[in-house]
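Working notes, beginning with the structure itself.
Read-outs throughout are calculated quantities, based only on the coordinates presented, and are distinct from any laboratory measurement. This one's a predicted model, so the numbers in the text were calculated from it and none came from an experiment. Note that each Cβ is placed from the backbone with ideal geometry, even for glycine, and that neighbours are counted across all protein chains shown.
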Amino acid sequence: MHATVLSIGDELLSGDCVDTNAAWLCSRLSVVGITVDAVHQLPDDRRAVAAALREGAGRGALVVSTGGLGPTPDDLTREAMADAFDDGMLAVDESAGEWIRQRLESMGLRMSEAQITMARRPVGATCLPNDAGTAPVLCRQVQGCTIWCLPGPPAEMRSTFDAHVAGTLPAGASIASREVRCSGIVEADAASRLGELLDRQCAVQVGTRVSRGIFIATVHDSGPAGDEVLEEIRRRLDPWAFGCEGEQPADDVARLLVARGQTLATAESCTGGGIGSSLVDVPGSSAWFLGGVVAYSNPLKHAWLSVPMSRFEPGGPGAVSGEVARDMAIGIREATGSDWGLSVTGLAGPDGGTDAKPVGTVWFGIASGDSTATRQFRFSGDRAVVRRRSVSTSMQCLRMQLRDVTQRLAWECVE
């Protein structure tokens, strides 16, 4: 089965909004064996949307569009569908109007004239309710093609897809990609390690990409042959490989801590709580993450984490140093009683750098009951990139410490 996905909205083409809907839909369709032949982003233009709907209906058995179903003048998807297949004819759907009115009243709102327009539909289409919003879904059959028009807000799009579309799709063999995700290895080095696995002539195709500093190897095969290739990828990219689809390094840190029955606490400076946030994103983190502090100023590093003030005085190593990172990790571990203490201190920029310590210099400290370790990195990029890379790298440093491996990571300074 082949499909077309249409994302509708001026905001997508102007760059004001990122189209996450199309990626989500492609992923869900591939899981049930549906091949997406095309994804189009379209403006709020009645003729352009009508033409895309006609083209999609002629290409495959399924068209899914998102956006353009609201009550404002630039919401033109229903009119475009009518133009494409019903000579522009629209009908008022009384049951949809009543459903919209009840939905609004349940929220303490009155139905406006503009909102009444959402109850209109092409004469050949059906309106279906939207339990996450007020704009009804449209569904229409055109010869051998089913067309679904879903709301644009992602929460509403996903809810209505699951409620109305998912159950109508034929079950087929999944063509979804499977992933091995890595952190702390540059793309060229990862590709070199994968070697002949990346040959485009291989029976099992392997693709690669980098997303927000994460190297991802994808396997486009859901059978036993794909399983073997996935396992070989993991072996070749160990110890940088930390997980699979959608996971972050914190997910593997969680698995390792749970397996050991151990706990973690964090002390952060330049990341401002980003490490703790990444940890509590992992379900069940309360079982192993005790908490942390953001000690941004030097006096708080001293007061909360027992870092000696001499570290910050002239002649001392300074706040961004291995000594302070070690002190912070030991301090948070002792203050919380955790098995592991993880710290970060660095220069995220854009100001404050020197020749000896340029912007992007970041130190991590890791303390356990019987050892301490520090690692220094120099990240490129602006302030946001340095902080994001610091969060991800902190997890990879801790992963490796938990696994007792010492492989060098990307951007690491090694004397």
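Quick notes on this structure:
- Positive end of the dipole of segment 274-415 (Cβ unit charges, origin at the Cα centre): among Gly331, Phe379, Gly276, the Cα lying farthest that way belongs to Phe379.
- Segment 196-269-segment 1-19 distance, computed between alpha-carbon centres (Å): 29 Å
- Between Ser343, Val137, Met1, the Cα set farthest toward the positive side of the dipole of the chain (charges on each charged residue's Cβ, about the Cα centre) is that of Ser343.
- Compactness ratio for segment 249-403: Cα radius of gyration over 2.2 N^0.38 Å (N = residue count) comes to 0.97.
- Three-way shape call for segment 264-305 based on the alpha-carbon gyration tensor, with the a/c threshold at 1.5: oblate
- The fewest-to-most ranking of Ser390, Ser368 by surrounding Cβ atoms within 10 Å reads Ser368, Ser390.
- Fully extended contour minus Cα-Cα distance, from Gln143 to Met309, at 0.36 nm per residue: 52.0 nm
- Most mobile listed residue (Leu264, Leu305, Leu104) in the chain, GNM with C-alpha springs under 10 Å: Leu104
- Residues within the reach of a label modelled at Arg403 (point 7 angstrom out along Cα to beta-carbon, backbone nitrogen below 17 Å), restricted to segment 169-201, are 179-187, 189-191, 193-194.
- Database remark: amide H of Val137 closer than 5 angstrom to the amide H of Leu128, Asn130 (H placed geometrically; neighbours at sequence offset of 5 or more, or on other chains; Pro and chain starts carry no H).
- Per-residue extension of 0.36 nm, minus the Cα-Cα distance of Gln102 and Ala356, leaves a gain of 84.8 nm for this segment.
- Unit charges at the beta carbon, dipole of the chain: most positive-side option, Gly108, Gln401, Ala176: Gln401
- Net charge dipole size for the chain [Lys, Arg +1 and Asp, Glu -1 on Cβ; Debye, nearest 20]: 740 debye
- With the simple model of a label 7 Å out from the Cα in the direction of the Cβ, Arg110 to Thr168 spans 3.6 nm.
- For segment 302-335 versus segment 396-415, the gap between their alpha-carbon centres in whole angstrom: 21 Å
- The alpha carbon convex hull volume per residue for the chain rounds to 188 Å³.
- With a cut-off of 12 Å on the backbone N, no residue of segment 71-89 is near the modelled label site 7 Å out from Arg47 along Cα-Cβ.
- Fewest-first ranking of Lys301, Lys357, using other Cβ atoms within 10 Å as the exposure measure: Lys357, Lys301
- Rounded Å value of the spacing that divides the Cα centres of segment 112-184 and segment 41-60: 16 Å
- Footprinting exposure proxy for Thr77, Thr218 (fewest neighbouring C-beta atoms within 10 Å first): Thr218, Thr77
- Projecting label points 7 angstrom from Cα along Cα→Cβ for Tyr296 and Ser371 puts them 3.4 nm apart.
- Viscosity 1.567 mPa s, temperature 4 °C, Stokes-Einstein D of segment 178-243 from Kirkwood C-alpha radius, µm²/s: 111 µm²/s
- Debye intensity ratio in log₁₀ form over the Cα atoms of segment 313-369, taken at each q of 0.13, 0.16, 0.23, 0.30 Å⁻¹: -0.36, -0.52, -0.83, -1.09
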